[in-house]
Amino acid sequence: MKPVLAILLLVSMFLSVSFLQFTMAESTTGDAPIPSFCDSKCGVRCANAGVKDRCLTYCGVCCQQCNCVPSGTYGNKSECPCYRDKLNAKGNPKCP
């Protein structure tokens, strides 16, 4: 009976440590902003966009990478150099 108890204890410890590492990896996102921050900032940024869903998608990606979104609905990219300097594969601005 004791070997079964010892094996059960070792397995439960292993699973506990694995779960703890997974949880810690999920919670340490570095300096990435809270999604609601990006959602609210991009909502303002894309308010007048012709293709709003595309604007929100690209703005959200840029916000996650740059941790900022320029103010207003157009321009003002000098407020956020990372946002301003993002380019797509064709060399065009990536962020709206």
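The values are calculated or read from the model by the stated rules, or taken from the named source; none is laboratory data. Computed from a predicted model, the values in this text were never measured in an experiment. Note that each Cβ is placed from the backbone with ideal geometry, even for glycine, and that neighbours are counted across all protein chains shown. Areas reflect the complete protein model, heavy atoms only, side chains present, ligands, DNA and RNA absent. Shrake-Rupley method; radii C 1.70, N 1.55, O 1.52, S 1.80 Å.
Computed values, structure above
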quantity: Search result, residues across segment 36-90 that are basic (Lys, Arg) and open to solvent by less than 70 Å² (accessible area, probe 1.4 Å); calculated: Arg45, Lys77, Lys86
quantity: Matching residues in segment 48-96 - criterion: being within 16 Å of Cys38 (Cβ to Cβ), of a type in the set (A, V, I, L, M, F, W, C) and assigned to a loop (DSSP other than H, G, I, E, B); calculated: Ala49, Cys68, Val69, Cys80, Cys95
quantity: Candidate set: segment 85-96, residues that are in contact with a strand residue (DSSP E or B) (Cβ under 8 Å, 6 or more places away or on another chain) and among the basic types (Lys, Arg); chosen: the one farthest from Leu56 (Cα to Cα); calculated: Lys86
